[in-house]
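The values are calculated or read from the model by the stated rules, or taken from the named source; none is laboratory data. All values reported here derive from a predicted model rather than from experimental measurement. Positions of Cβ are backbone-derived with ideal geometry, glycine not excepted, and every protein chain shown enters the neighbour counts. Just so you know, the surface numbers come from the protein's heavy atoms only, side chains and all, with ligands and any DNA or RNA stripped out. Shrake-Rupley method; radii C 1.70, N 1.55, O 1.52, S 1.80 Å.
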Amino acid sequence: MPEAPSADTKYIFVTGGVVSSLGKGIAAASIGRLLVERGLAVTIQKFDPYINVDPGTMSPFQHGEVYVTDDGAETDLDLGHYERFINESLSQANNVTTGRIYQNIITKERRGDFLGATVQVIPHVTDEIKSYIEMLGPGHDVVITEVGGTVGDIESLPFLEAIRQFRQDVGWKNTVLIHLTLVPFIAAAGELKTKPTQHSVRELMEIGLQPDILVCRTEWPLPEDVRRKVARFCNVDIRDVIESRDMDTIYEVPLRFREQRLDDRIVDHLGLDTPDPDLTAWESMVERIKHPGAGEVRVAVVGKYTSLVDSYKSIQEALIHGGIANDTGVQIDWLSSEAIDSQGTETLLPYDAVLIPGGFGQRGVEGMVDTVRYLREENVPFLGICLGLQCAIIELARNVCGLEGADSAEFEPNTPHPVISLLDSQLKVTMKGGTMRLGAYPAHLVDGTHVREIYGEEEISERHRHRYEVNNEYREALSEGGLGFCGLSPNGGLVEIIEIRDHPFFVATQFHPELKSRPTRAHPLFAAFIGAARDRRDAREETRASEAGTSQSWATAGRE
């Protein structure tokens, strides 16, 4: 029987009921932010009930973005929210799936670790789940664990049972269970309905879990009588019924939770003695998002999975962060690269800047290549990420360097000019999961380049998620065509960043800079990108004003 974990660490569990996608991840991250502001060392983990070992091989249309940590774990997009809110780099231990749990157990069973015992959900599966909670305890005052899915799903039952046991193991006073639920407004009845919340809590209680705090998602304010009804029927204190409405920005959620003293209730439950949070800087940041002083820019994201914005969640947030750094609002339009391919680049005329994100496979690539050509020729600020860099290489090879038929070996294996190709070490890889260049890798920035000026550093570390690389055999030809290789791996063997120096902003990266951007500390490339977009907007407005003035002068002269 495993030893009981230390009670020095406190544990918060976040579950959800009624329907999925209510915002458990944002709620957990917001609670984490409030506790960080109270001086506590906080980490957050996500339990995902699906049987995939990780989301790395799942379609972005089903699962959204795959978030990559420094140690190369392919994780749920909620880990991006966690990192952005608590400003702490997470790891493979912070995202655990049913697939990984069972993979670990079967490996142990085959190795003989269970000494001939019959392997069962209880205790073997639940003990494995509990070990992941305990793993994060050392070095942290509070561990927040979010359970994916909704109460009542058969897939989440082992996780909920493990939490029930864990609360007994460490003592109830060292844990808090927060249940996120829905209080819908029924127009026909003209009132808020608490019955879904009551049923959800009842399901929790049937498996031995009594929530301590209820976070109620609602489109309308919760009146006192509704809170009292929820508290009475769900067996919680009325002060522990927390309203959670849609906000203009997700970064406002911690402020609204603080107004209701949610963090006070949590530290009271856990017996923690901490100072009140200082949210002054956070409030200022939210104000800059809601009321930017320098107006707004329009940015287009031209990608493969734009019909589901969650596929590019970190890019969306990093663009907002770039806006914060420039005191500028960012209007993001999500354009399908396939539409560009069929309709042409005229679609891009209204935009102040364009970003091409990552992706896999050939679909929509020609639209991205056409987009790069338009941006290069028309001097529109461009930021390419991963596949965006590869499309930029292809475009320049074809249209500037005269390498007809240049392509990526991923899209056209028989191309005469494979300017993007696999490394020799990857040619015999047949497995898909976890076989890419994943996680944080260092890069050296070349002195005198635009990118070096942006970063203000010679050595950087950025997170990767890709399989194909720039083919070094074509670097000389591309350089002669005006392309600058401004970021390289420490040994110079891998291209990490490219730029065109005599362009307002033409930068592309093999890595994913969006994964390291924070609302309180925008990634340098995104801050510079939005700055360039603002400069283009201002220049175009000045040109339009000048042309309007000239037209007015001619009209006045005609009347005279």
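For Val330, the residues whose modelled amide H falls within less than 5 Å of its own, excluding neighbours fewer than 5 places apart on the same chain, are Val297.
Sorting 71-84, 200-213 by average packing, meaning the other beta carbons within 10 Å per residue, from highest down gives 71-84, 200-213. With the helix formula -39500 (n - 2.57) applied to DSSP H stretches of n ≥ 4, the chain reaches a computed 222 nm mean residue ellipticity of -11500 deg cm²/dmol. Of the whole protein surface, Ile51 contributes about 140 Å² of accessible area at a 1.4 Å probe radius. When DSSP assigns beta bridges and you keep just the ones with both residues in the chain, what percent turn out antiparallel, to the nearest 5? Within the chain, antiparallel bridges account for around 30 percent of the total. Rounded to 0.05, the FRET efficiency of the Ala117 and Thr543 pair, given R0 = 60 Å and the Cβ-Cβ distance, is 0.20. With a Förster radius of 41 Å applied to the beta-carbon distance between Ser461 and Ser342, the computed FRET efficiency rounds to 0.55.
So what's the net charge close to Pro381: Lys and Arg +1, Asp and Glu -1, counting the other residues with Cβ under 13 Å from its Cβ? So the surrounding residues net to +1. Spacing of the modelled spin labels on Ser89 and Asp447, each 7 Å from Cα toward Cβ, amounts to 2.6 nm. In straight-distance terms, cross-link reach from Lys229 covers every one of the lysines whose alpha-carbon lies under 19 Å from its own, apart from those fewer than eight places away in the same chain; here that gives Lys193, Lys195.
Distance between the C-alpha centres of the stretch 283-341 and the stretch 224-267: 29 Å, rounded to the whole angstrom. The Cβ shell under 10 Å around Ser337 holds other residues with a net charge of -2, Lys and Arg each +1, Asp and Glu each -1. Accessible surface comparison of Trp172, Trp334, probe 1.4 Å, protein chains only, largest first: the order is Trp172, Trp334.
Rolling a 1.4 angstrom probe over the chain with all protein chains present gives an accessible area of which 49% lies on carbon and sulfur atoms.
Could you let me know the centre-to-centre spacing of the stretch 63-136 and the stretch 495-517, using Cα atoms, in angstrom? Computed from Cα coordinates, the inter-centre distance equals 33 Å. Local charge for Ile394 was computed over the other residues whose Cβ lies under 13 Å away, with Lys and Arg +1 and Asp and Glu -1, and equals -4. Remark: spin-label model distance Asp248-Asp71 equals 4.0 nm, labels positioned 7 Å along the Cα→Cβ axis.
Over the stretch 261-325, average the accessible area per residue using a 1.4 Å probe and give it in Å², no decimals. All intermediate terms of the calculation are to be shown ahead of the outcome.
Values: 2610 Å² over 65 residues.
With all protein chains present, the stretch 261-325 gives 40 Å² per residue.
Normalising by the residue count of the chain, find the relative contact order in percent from Cα pairs under 8 Å and 6+ residues apart.
Values: 1098 pairs, mean separation 80.6, N = 560.
After rounding, I find 14 percent.
Residues whose amide H falls under 5 Å from that of Arg501, counting only those 5 or more places apart or on a different chain, are Gly484, with hydrogens built in the peptide plane.
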